[in-house]
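The values are calculated or read from the model by the stated rules, or taken from the named source; none is laboratory data. The structure displayed is predicted, hence computed values, not measured ones. All Cβ positions, glycine included, derive from the backbone under ideal geometry; neighbour counts span all protein chains shown. When the accessible area is computed, the model is the full protein with side chains, heavy atoms only, and any ligands, DNA or RNA have been set aside. Shrake-Rupley method; radii C 1.70, N 1.55, O 1.52, S 1.80 Å.
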Amino acid sequence: MEPIQPVILTMPGRRQQWVEALQETFKDQSGFQRMLVHVDQQLQGAARATQQAIAFAVRRAPGSPVLLLEDDVAADPMALQILPQARFADGIAVISFCDMREVEEYAPDGLYERSALGSDGRGWWGNQALLIHPDTARVLAAADWFCGAIEQAPGVVAHRAAYNDGGRNCADIRLALIVHAQPRRNRYAVHVPSLFLHLGHDSLCFPGRSMGERATRNWITQRRRFGIG
């Protein structure tokens, strides 16, 4: 497998210390290309910015898996050892390394295959730390994330109604729908333990909404502390 191309998605003036910490973690590490940072300078919303970040990574390393990192995560040191060893089984398009919903807490270590539509049938939840297959990354870079079928999908309709943002921030649902629609590589997987911790306690996409249910499950550092694995 080609070295992984990591890319951080961020916004102007947002959580710079966390971005710098991620950059330092991955600096000069074998198995990884040089870290990229995509800044949503035009404040277009998470969906368009996520596609742009993936496209940026694809342009820089067309044959590499893309590690998409949102700017509000911290990496456990074990991520540097485990990620380069990751392999995509047949049908797997994306592997999440920061799960908040799809696998129960205290689950045994392993890779859990799931539908890209997630536990509620509308799309997986959260793009905090996703390893994306090279073929899938190219599809996502070229796809229309705002086509009619996606705009009419139940998850996107519900998101627009709930958050009144025109659906501009539901990047996870849109990405999941594109993956699910692929003819062959259309599945999602969750790595246990989680190698990245969701840090944000207050959502910048959805002001007033706390992390709450978006806390990381099976965080490796916590599991290590309690002897789970």
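Taking R0 as 30 Å, what FRET efficiency do you get between ASP90 and ALA162 from their Cβ-Cβ distance, rounded to the nearest 0.05? Please report the intermediate quantities before stating the final value.
Numbers: r = 36 Å, r/R0 = 1.18.
Calculated transfer efficiency: 0.25.
Hey, what's segment 86-140 come to in accessible area per residue, 1.4 Å probe, Å²?
Numbers: 2060 Å² over 55 residues.
Ligands and nucleic acids excluded, the figure is 37 Å² per residue.
Just to confirm, what accessible area per residue do you get for segment 145-189 at 1.4 Å probe, in whole Å²? Show your work: numbers first, answer last.
Working: 2010 Å² over 45 residues.
Heavy-atom SASA per residue in segment 145-189 reads 45 Å².
So what's the chain giving for Cα Rg divided by 2.2 N^0.38 Å, two decimals?
On the way: Rg = 16.2 Å, N = 229, 2.2 N^0.38 = 17.3 Å.
Ratio of Rg to 2.2 N^0.38 Å for the chain: 0.94.
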| query | At 222 nm, what helix-only mean residue ellipticity would the chain give, in deg cm²/dmol to the nearest 500, using -39500 (n - 2.57) for each DSSP H run of four or more? | reply | -8500 deg cm²/dmol
| task | Would you mind working out the magnitude of the charge dipole of segment 109-170 relative to its Cα centre, with +1 at each Lys and Arg C-beta and -1 at each Asp and Glu C-beta, to the nearest 20 Debye? | result | 140 debye
| query | How much of the accessible area of segment 63-166, in percent, comes from carbon and sulfur atoms when a 1.4 Å probe is used? | reply | 52 percent
| task | Looking at the chain, send over the antiparallel percent of its DSSP beta bridges, to the nearest 5. | result | 55 percent
| remark: For segment 1-39, listing trypsin sites (Lys or Arg not before Pro) in a DSSP loop whose Cβ sees at most 10 other Cβ atoms within 10 Å gives LYS27
| query | Over the C-alpha atoms of segment 50-123, what are the Rg and the largest Cα-to-Cα span, Dmax, in Å? | reply | 13.8, 38
